[in-house]
Structures are given as structure tokens and as C-alpha cells.
Amino acid sequence: MNRDPLLQRCGALDTASLSDALDSLGIAGGLAGLQQQVPGTRCCGYAYTVQYQPVSEHGGFRNAANYIDEVPADSVIVSCNGGRLDATVWGDILTHFASQRGIVGTLIDGVARDLDTVAQLGYPLFSRGRFMQSGKNRVQLKAVQVPVRISGVIVNPGDVIVADASGCLAIPRAQLEAVLERAEAVESTERDIILSISRGLSLEAARQLHRYDQPWLKAQDRQQGEAR
Amino acid sequence: MNRDPLLQRCGALDTASLSDALDSLGIAGGLAGLQQQVPGTRCCGYAYTVQYQPVSEHGGFRNAANYIDEVPADSVIVSCNGGRLDATVWGDILTHFASQRGIVGTLIDGVARDLDTVAQLGYPLFSRGRFMQSGKNRVQLKAVQVPVRISGVIVNPGDVIVADASGCLAIPRAQLEAVLERAEAVESTERDIILSISRGLSLEAARQLHRYDQPWLKAQDRQQGEAR
Amino acid sequence: MNRDPLLQRCGALDTASLSDALDSLGIAGGLAGLQQQVPGTRCCGYAYTVQYQPVSEHGGFRNAANYIDEVPADSVIVSCNGGRLDATVWGDILTHFASQRGIVGTLIDGVARDLDTVAQLGYPLFSRGRFMQSGKNRVQLKAVQVPVRISGVIVNPGDVIVADASGCLAIPRAQLEAVLERAEAVESTERDIILSISRGLSLEAARQLHRYDQPWLKAQDRQQGEAR
């Protein structure tokens, strides 16, 4: 697959290192409470955001939730249903569609259904939980590609989403390169520490040796020494 | 296995389609919060209900929880402990017994223990969680085969219970055939849509083509056209 | 492995039997809410306790969390972060270190990260959940080897911790032998009952036959009959 080089770099990193890089830059990105539903899956892509709202009693126009026809490949769908646990906004049809169109994963601030299909297809789905009750006549599409708020974090369309067994995070597009550099330095530092302790060093010695206190300094050093 | 033909039809459907059929008939059946404890397991059977209550301080007669001797094969035990997370009402002895006597699964409005045994036997167990602390001297059997309330839904003895990776639901016995017809039409419609999108149709086109808005109409059309 | 004989006996028992033994002695040991993060893992060892506290705004001295250098083999680390879900106190470096140094498992009253690594190494980790956001600059080490409070239970350094798919419990060191005797009798009784029901006995008959009401009596009988 000829992926965007930034996404390739991002996809090689885990959420822990990326989160440390976000922390070092003072950016809140962790989407607390959204959990991996299929063990062993992860995803990395540009956020395509979807906002649901409760069905209004007065009726009015209800957008059909066929937004997925417009979602580009390499996207991660970020579907915000306000954390509702009683009405699903994801199921087997969307999972089949996404799998076939190169959509790389889905985050739900709420619940999903048809988890047997999702697991069988190995589709990366992250949500607050599972339930089988449809969103139909309970919630309706409000808007797509607008900022959505999940666990106190604003996710904007085009933010980079990374999700793995530890959870989900959003990286603002404008900070992506800075985050990547720091996260790569964090991972490199952590690999060095793990290697050192596998050779018998104490954790304290290994951390001092590899400057664990500010692992991203490495990136800055590298920046100064290299022609980028 | 010579199962009841209605249970056979029911067992071929997932909870999502059955829930859509219940929705179309205005019946609340989803038991929110009860989750699959062993990946890959599902069950379908007639509810045998069990109601627990806190142990009273004044003592009095305590029914021994040997109710399981009376549970017929093809039952799903629905054990209501009021959502308590600190006292189990299911464990390894009951799991072995149920597995050997043709009881097809258990739902607990509360917690279960001996999950290693449950997983090893591949027994379909659905509960709010897991804990190892016994219900003994904490809760006692109040009654069996009475209506029980779980997540706001009344489950009656003999209701049909279906549970899979998406969760658990109860279908009132009197509505079972109507629910089955609609759920089968829903699944057929969804299979058609999935086939159409696999051939490149947009979701909007596939849904319009297959009348996703009211999939159960199919069943009614079929009903009119067929001698049943 | 030449393990402590008491730990060997303990490791052969599941948390359910040990909890019943604790109940019979009036000891609260179940650590509600801490859940197995890697299916199929369990652990048994002496508690090495770690207490975290929020980072104070006024700064002051922050202990580096290199306590793990001091943790003896055969320990289970019990890391109390007051149930916080937004700041991890366990990750891949600690998992690698623990795996290589004979530390047998970790309990977190809070969350952990790098769950992909934890799963890959098959490390027994039990926690309230998962998140990737570091504890760095959010929490700091307060003390090690002090009593910690988890879900209302005080865990003391040196308590025996057992954890499996049903959850986690702590056994006070002074009561360990009494607990082991009773738990072994409970498991023996349960095995007898399971054997009897596999031969067709009703549960009521099997329980009466094997004195399920007070399984630990067996241990006392044995005590009287044997020279220990």
C-alpha cells in the first residue's frame, strides 16, 4: 500500500510513545474510555468525524446515515454519539463497507453491534462498549466533518487518530511532525532502556544512561546534527 | 440435536436483527450491561428465571440454591441478583452441571466466578462482570420461575433469550413468531445490502435498492404471497 | 522452580476456593474491580506494595519510580494509584523488567499502558482498565512497602496475592496456613461434587453427600486425624 509517509511513521509507533510526545508539547489527545473491541487490532489514519444527536420529538428532517459513501480511504471514522450506551451507530453493514473501501478503523463515543462480524473481519473498532439496539429512531446524524468532543478532547476532521490495545488518541494535524519526532525519540529511548535491562542493568542505571527524563531531547539533538 | 423448530430459527439469527424486529413491534428486549464473558460463545433458549435477594439479618428460612436440578434442557438460566457486583451466584459446579444437562447458557444480572472453568468448557455465560466472592451468606434464593427485572426490562419464564457478542435480549413468548419473521427479513435485507456493496454499490444506493427503511415489509409481502 | 512450599500450594488453588476459605474465617480479601488484562494468565506471590499520590502543585521532591530494582523475585507488585483512570503507573519497560527478574505479576489500582507488549509477553497484569497517558507529571511515588487500601481492603507488604480470571485477592500472611487448609478442602469437596454430578447425581444429592455446607470441616477432620 502506498500510504502517506507521515501515516506510515505514525503507524509504526504505539499510543504510549505518541501520548508522551503530546504531553511534552502540552497537547491533550487521549480519548479516555474508548476501548479496543477486537484483540490484536490497531489503526492509524485521518479522522473523518461524524456527530449524532438524539432524535427530536418534533420530527423534522432526518439525515440518512449514508455518510460512509463519502469517507476517503486511509480515514479513521470518529463517530460521536455523546457516550450513549443504549443506541448503536455502527454494525455489520458499515463494517463490511469500511473493510472493502480502505477505511482503516472506527472509534465510537458510544456502542457498536454485530461484534461477531467485526471480530471475524478483524476490523479495528474502538468504543465504550457493545449493545445490539439500533440507533434508528433513537439518534440521527447531525453533521459530518465538524469538530467533535470526546472525553473532554476536541477531535477535528483531519486529526491523526492512532488506536491500539492501550486506547485511542488524536493528534492535531498541525503538530503531527513535531509529535512524530518526539515519539520516535521516546520509542528509541525505551528500546535502549529495555535492551540495557535485558543485559542486567538496574532500571535506575538504564534510565540515567538513556536520559529517560527527557527522551525527546534526542530528537532535538538529532535535528541539530542532521540535514533534514 | 432435535431442537424446537422456533429455537432453531432463532438460533440462526443474531441479536441485532432480533432487536430490530423487536423495535419494529415496539417491544423493549435488550438487557443492557450484560456482556459475553467467553469470546465466540452465543446461546438461544427458553428463560428459566431465578431471583436472588440479600440475606436478611433476621435469618429465617434460606432456600438452598439447588434450583438447577429442575431446569429443563434447552433453557437459558436468567439469574437476577439485582446487579450486585460483590457476591457471585454462578461458578464451576453450576457450569459443569449446566454443560452436562443440556442447559444452553446463563445470564447473570450480577457477577460470576470460576471464569477459567467457564472458558475452558466454552460455556455461554453473560454477566455484568466477574468476581470470586461467594454469594453464600450474602444473598439467598428468593424464587424461581417468576418475572425478573433486568436493566428495566421484565423477563418472564419461557421468554426466548438470545445472547451473542453484542449482548443479550429477551423475546416475549407470545410475540416470538412475529419477531422471527421480521428478524429473518431484516437479516435477508442486510445480506442483500452487504452483497451489493461488495459489488461496488454505494451504501445509499444499496439501501434504497433493498428497502432498508422498512426491511420487515419483506416478511409481510412474503406472508401475503405464501401459504403458511 | 524451587518455590516457597506455601506459594506452591497457593498457586494450585483458584481465587474462588481461597475466597471461600477467607469468608469462613471472616477475612475480607477480594479486591473488587481489578480485572485480568491478558486472558489465560494468573499469578501468586508476596505483595510488594507501591503507593502513588497526585503530583503536588508546589513541587517538592519527587521520588523516581525506580522501586522495581528492589522488588524480590516471587513478588506480586501491588501498585495503588487510588483508582485513577487518567494516569498510568505501569508500561512496557516495567513489564520487560518484571518478566526478566522473576516478578510474577502486577496489580494496579488504576490503569496500565503498552497492553500489546504485556499480552505478547503473557505477563499477568490486573487493573481497573487501560489508558496510554503517562503518570509522569500527574502522579508520583509516595512510598513503597506500606499498607495500601484497594476497594476497601488493606493490603500489607508480604500478604499473599492470588489473581486469576475471576479477579484478585489478598491473604494476610499470618492466616495463610489456615486459609490454605480450608481452601484445599473446599476444592477437594467441589471436585467430589463435580464428579458426582458427572455420574448423574442431582446437585442437591451431591451437595448433601459431600457436605457442601461446611466444606472446611474436612480440613478440621483431617487435622484431628493426622499428625501435622
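The values are calculated or read from the model by the stated rules, or taken from the named source; none is laboratory data. Since the model is a prediction, treat every value here as computed from it, not as a measurement. Virtual Cβ from ideal backbone geometry, glycine too; neighbours counted across all protein chains shown.
When you check residue C:86 against the structure, is it touching a Ser or Thr at 6+ places or on another chain (Cβ under 7 Å) and of a type in the set (Asp, Glu), yes or no? Outline the logic, then answer.
Values: touching a Ser or Thr at 6+ places or on another chain (Cβ under 7 Å): no; of a type in the set (Asp, Glu): yes.
In short, no.
Is it the case that the stretch C:125-133 has a residue that's away from chain A (no Cβ under 13 Å) and closer than 21 Å to residue C:176 by Cβ?
yes
Among A:83, A:91, A:33, which is the only one that is at pLDDT 95 or above and within 13 Å of chain C (Cβ to nearest Cβ)?
The conditions single out A:33.
Does residue A:201 satisfy the criteria of being part of a helix (DSSP H, G or I) and assigned by TED's automatic domain parsing to the domain that holds residue A:19?
no
Considering the stretch B:100-119 alone, what residues qualify as being at the interface with chain C (Cβ under 10 Å from one of its Cβ atoms) and either part of a helix (DSSP H, G or I) or over 18 Å from residue C:191 (Cβ atoms) (or both)?
Selection gives B:100, B:101, B:111, B:112, B:115, B:116, B:117, B:118, B:119.
Look at the stretch C:164-196 and say how many of its residues are hydroxyl-bearing (Ser, Thr, Tyr), farther than 28 Å from residue C:78 by Cα and buried (at least 19 other Cβ atoms within 10 Å of the Cβ).
So in the stretch C:164-196, the residues hydroxyl-bearing (Ser, Thr, Tyr) come out as C:166, C:188-189, C:196.
Next cut, farther than 28 Å from residue C:78 by Cα only: C:188-189, C:196.
This time we only want the ones that are buried (at least 19 other Cβ atoms within 10 Å of the Cβ), so: C:189.
Number of matching residues: 1.
What number of residues within the stretch A:107-128 are without any contact (Cβ under 8 Å) to a residue 60 or more places away in the chain, crowded, with 24+ Cβ neighbours inside 10 Å and at negative phi?
2
Considering only residues of the stretch B:129-141 that are among the hydrophobic types (A, V, I, L, M, F, W, C) and assigned to a strand (DSSP E or B), which is surrounded by the most Cβ atoms within 10 Å (Cβ to Cβ)?
Step by step, filter the stretch B:129-141, then rank; the result is B:139.
Any chance you could count how many residues in the stretch A:91-106 are farther than 23 Å from residue A:158 by Cα and crowded, with 24+ Cβ neighbours inside 10 Å?
Number of matching residues: 1.
State all residues of the stretch B:66-80 that are assigned to a loop (DSSP other than H, G, I, E, B) and either on the phi < 0 side of the Ramachandran plot or within 14 Å of chain C (Cβ to nearest Cβ) (or both); if no residue qualifies, say none.
B:66, B:71, B:72, B:73
Would you confirm whether or not the stretch C:4-21 contains a residue that is modelled with pLDDT of 95 or more and either farther than 30 Å from residue B:95 by Cβ or of a type in the set (Lys, Arg) (or both)?
Within the stretch C:4-21 (the criterion being modelled with pLDDT of 95 or more and either farther than 30 Å from residue B:95 by Cβ or of a type in the set (Lys, Arg) (or both)), the answer is yes, since at least one residue qualifies.
Which condition number in (1) buried (at least 22 other Cβ atoms within 10 Å of the Cβ); (2) out of contact with any helix residue (DSSP H, G or I) (no Cβ under 6 Å at 6 or more places or on another chain); (3) closer than 19 Å to residue A:30 by Cβ is the one that residue C:84 fails?
Only one criterion in (1) buried (at least 22 other Cβ atoms within 10 Å of the Cβ); (2) out of contact with any helix residue (DSSP H, G or I) (no Cβ under 6 Å at 6 or more places or on another chain); (3) closer than 19 Å to residue A:30 by Cβ is unmet by residue C:84, namely (1).
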